[in-house]
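J.: Sharing a structure with you now.
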Amino acid sequence: MQALYEGKAKRLWATDDAQVLRMEFKNDATAFNGEKKAQFENKGRLNNTISTLIYGYLERCGVPTHFVKQLDDTNVLVKKVEIVMVEVIIRNYSAGSFCKRTGLEEGKKFSQPIIEYSLKSDELGDPLVNDDYIRELGLATIAEMQFLRTSALKVNEILSDLFAKAGLRLIDFKLEFGRLASDPSTIVLADEISPDGCRLWDLATGEKMDKDRFRRDLGGVMEAYEEVLKRLQEQP
Ligand code: TMP
Ligand code: ASP
């Protein structure tokens, strides 16, 4: 069988149900638009388990997502969607490309969350865009962008709180959304939510507990993911 789609960290497979896909988490890690590559034993399992836990929590908080159910360590069933080709990034503290772009030091708390958008294009290196670009490129309507913004802020509140209880500071993260194949007027949260696409710093020590450990060669990448999972599992 041929995967319907293969990305840097996941594969999508068809199932018996035309509206449902199987999403498989790989052990591959990439950074800097795929320039840096490695494999980590257990990464697929850890990200799938963390993402499943977070999606379940968000669903219970009333956030509509693509999540159906976890199948096994590295596979999850998700509703089929057409991905909105815009990555939504929410920043609570300065870090990463924000610091590179502005010269601000890392770890400064913003008075309000910053939302930014980038075009989902490996070819172009995910360039930063704004609402006007998105409208004119026909990637989403004005109403859809309003929905994305409101949802992203809601997810930020829920996850900042959840991670804080787990002793982690949610510095920034990336979300993706999709239009349901069964009803394209309905947009749901899609893709994964894991330490691959979030910056998480230990509340007590400031230690980085996310993919920056790989990006910056800090070592202990899977140990950090394992610790994030353990702390999330300890939450009621
Ligand atoms: P950045 O500071 O590099 O722009 O990243 C902001 C957040 O978005 C960070 O938590 C990592 C996440 N992210 C992805 O999930 N995928 C990407 O391709 C990039 C560039 C960032
Ligand atoms: N996800 C992107 C990549 O795999 C960039 C990153 O996360 O640093 O290249």
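The values are calculated or read from the model by the stated rules, or taken from the named source; none is laboratory data. In this text, all values refer to a predicted model and were calculated from it rather than measured experimentally. FYI the Cβ positions are ideal-geometry reconstructions off the backbone, even for glycines, and counts take in every protein chain you see. What goes into the accessible areas is simple: the full protein's heavy atoms, side chains included, and nothing from ligands, DNA or RNA. Shrake-Rupley method; radii C 1.70, N 1.55, O 1.52, S 1.80 Å.
J.: Add -39500 (n - 2.57) for each DSSP H run of 4 or more in the chain, then divide by its residues: what number comes out at 222 nm, to the nearest 500 deg cm²/dmol?
T.: -9500 deg cm²/dmol
J.: Could you pull out every residue, at least 5 positions away or on a different chain, whose amide H is within less than 5 Å of the one on Lys120? Hs are placed 1.01 Å off N in the peptide plane, and Pro or chain starts have none.
T.: Val86, Glu87
J.: To the nearest 10 Å², what's Ile115's accessible area with a 1.4 Å probe?
T.: Accessible surface of Ile115 is approximately 30 Å².
J.: If you place +1 on the Cβ of every Lys and Arg, -1 on the Cβ of every Asp and Glu, and leave all else neutral, what size is the dipole of the chain about its Cα centre, to the nearest 20 Debye? All intermediate terms of the calculation are to be shown ahead of the outcome.
T.: On the way: 34 positive and 39 negative charges, 71 e Å.
About 340 debye.
J.: Would you list Met1, Met85, Met145 from the most to the least accessible area, probe 1.4 Å?
T.: Met1, Met85, Met145
J.: How large a share of the accessible area of segment 1-106, in percent, is made up of carbon and sulfur atoms when the probe is 1.4 Å and the other protein chains stay in place?
T.: Roughly 50 percent of what the probe reaches on segment 1-106 is carbon or sulfur.
J.: May I ask for the distance between the Cα centers of segment 145-181 and segment 1-38, given as a whole number of Å?
T.: After rounding, the separation between the Cα centres reads 22 Å.
J.: Distance check, please: which entries in Lys37/Lys109; Lys43/Lys165; Lys37/Lys165 exceed 28 angstrom between their Cα atoms?
T.: As for pairs spanning more than 28 Å Cα to Cα, those are Lys37/Lys109; Lys37/Lys165.
J.: Quick one: putting +1 on the C-beta of Lys and Arg, -1 on the C-beta of Asp and Glu, what dipole do you get for segment 127-236 around its Cα centre, in Debye to the nearest 20?
T.: Dipole of segment 127-236, to the nearest 20 debye: 140 debye.
J.: Modelled label-to-label distance, Tyr57 and Met85, 7 Å Cα→beta-carbon offset: nm?
T.: 3.3 nm
J.: For each pair in Lys10/Lys174; Lys10/Lys100; Lys10/Lys69; Lys26/Lys80; Lys80/Lys211; Lys36/Lys174, compute the distance between the two Cα atoms and list the pairs where it is over 23 Å.
T.: Lys10/Lys100; Lys80/Lys211
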